[in-house]
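Everything below concerns the one structure shown next.
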Amino acid sequence: MSATGRDTTGPGTAGTRRIEAAFRDAGVTGYLHAADIDTGREVGLRADAPVVLASVFKVPLLVAFYRQVADGVLDPTEQLTLRPQDRTAGPTGLSALLDEVRVSLRDLACLMIAVSDNASADVLLERVGLDAVNAAAADLGLRRTRVEGSGRDLFETLLADAEADSFGEVWERLDEPGVLDRLRALDPVLTSRSTPREMTRLLGAVWRDEAAPAAECAAMRRLFGLQVWPHRLSSGFPFDDVVVSGKTGTLPTIRNEVGVVEYPDGGRYAVAVFTRSLLPNAVLPQADAVIGTSARLAVESLRRTP
C-alpha cells in the first residue's frame with residue numbers, strides 16, 4: 001500500500017477510486033480491505049494503516065475463547081452468576097439488564113457478538129486473559145493486532161480524557177476545543193488496534209477452519225451470523241440469497257464493521273471497513289451506510305476479476 005493510500009494490491013485502481021469517492025461523499029476517512037477467502041484475490045484502500053478496533057476487539061477475543069475451548073482450558077457450558085453492580089456499562093445485552101443473571105460462557109460469547117454486549121465481553125476477557133488474546137493473534141500471524149484492555153477500561157479512559165461523568169457527556173463535549181485530540185481511545189497507537197488487512201486475514205482463517213478446530217470455527221461463524229445490526233455492512237447487500245455475517249465497532253467519530261459476505265454461487269469474501277468521521281455527531285447515517293456501499297464496491301470488484 002502506498003503512502004498516499006492508493007491501492008497497490010487489488011485488481012486495479014478504478015474500483016478503489018470509486019471507494020475513495022464514496023468515503024469522501026460520506027464525510028469520512030475510510031480504510032478498507034476485502035479478500036476472496038478461497039482464492040486470495042484482494043482489494044484495499046489504506047489496508048495496512050493502523051485503525052482503532054473499538055468493539056471489533058471482540059473478534060480476536062472470540063477466537064482466543066474458542067481456541068481455549070478446543071484445548072480444554074475452558075468449558076463453554078460453565079455457568080456464571082453475574083450481579084448488575086459488577087457488570088460493565090453499555091446499552092445492550094447484560095449491560096442493560098437490572099437483575100442478577102445466570103449464564104454460560106458460550107452464551108456470553110453469543111451476546112458479545114450478536115448485540116455487542118460490553119458486560120459479556122469483559123467477563124469473557126477476564127476468563128480468557130488479555131495475554132492469551134494477544135498470543136492467539138500473534139500465533140495467527142497478526143503482528144499488528146493488539147487488544148490493550150477491556151470495555152470497562154476503554155469507557156473509563158474516555159471519561160477521564162473528556163473530563164466527563166457519563167458517556168453522554170463525552171458526546172456533548174466533543175465540540176469543545178481540544179477534547180477530541182486528547183481522547184486516547186481514538187488513537188490507534190494508544191488503544192486496541194489492528195489493520196483492515198489483518199482483520200480480513202483473521203476472518204478468512206475462521207471461515208477456512210484455520211483459526212481453531214472445525215467445530216469451534218463453525219460455532220464462531222454461527223455467532224457472526226446472529227449479529228443484529230443491519231445499517232452498516234449488511235446495508236450494501238440487500239439480497240435474500242446473500243448472507244452477511246459481521247461485527248461492528250463504534251466510538252465517537254469511529255464507525256467500523258468487519259465481516260464475511262457469502263453468495264449463493266459459493267463466493268466468500270472477507271471485508272473490513274474502518275471509518276473516521278469529520279463530524280462528532282452521534283447519529284450520522286451516511287457514515288454508517290458508506291460501510292455497506294464501500295464493501296459492495298470492493299466485493300463487486302473481486303467478483304469481476306477472472
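Some notes on this structure:
- The apolar share of the surface of the chain, taken as the fraction of accessible area on carbon and sulfur atoms (1.4 Å probe, ligands and nucleic acids excluded), comes to 50 percent.
- Dipole of the chain, positive end: most advanced residue of Y263, A135, L53 [Cβ charges, Cα centre]: Y263
- Of the residues V103, V189, the one with the largest accessible area comes first in the ranking V189, V103, computed with a 1.4 Å probe on protein heavy atoms.
- Selected from P238, P188, P252 as most flexible by GNM, with the chain as the system and alpha-carbon contacts under 10 Å: P238
- The chain, accessible area per residue, ligands and nucleic acids excluded (1.4 Å, Å²): 42 Å²
- GNM top mover of T293, T39, T157 - the chain, alpha-carbon springs below 10 Å: T39
- Rel. contact order, % - alpha carbon contacts under 8 angstrom, at least six apart, the chain: 26 percent
- Calculated from the structure at hand, volume of the Cα convex hull per residue in Å³ is found among (i) 164; (ii) 253; (iii) 125 as (iii).
- Our note on the geometry: Cα centres of segment 137-152 and segment 243-306, 21 Å apart.
- Comparing mean-square fluctuations of L124, L174, L186 from a GNM of the chain with C-alpha springs under 10 Å, the top value falls on L174.
- In a fully extended conformation the segment linking Q79 and A164 would gain 27.0 nm over its present Cα-Cα distance, using 0.36 nm per residue.
- Taking the helices alone, the chain has a mean residue ellipticity at 222 nm of -12500 deg cm²/dmol, built from -39,500 (n - 2.57) per DSSP H run of at least 4 residues and averaged over all its residues.
- Segment 41-161: C-alpha gyration tensor shape, a/c 1.5 cut-off, then a/b vs b/c: oblate
The values are calculated or read from the model by the stated rules, or taken from the named source; none is laboratory data. Small disclaimer: the values here were computed from a predicted structure and weren't measured. Note that we place each Cβ from the backbone using ideal geometry, even for glycine, and neighbour counts take in every protein chain shown. Accessible surface is based on the protein model in full, side chains and every heavy atom, while ligands, DNA and RNA are left aside. Shrake-Rupley method; radii C 1.70, N 1.55, O 1.52, S 1.80 Å.
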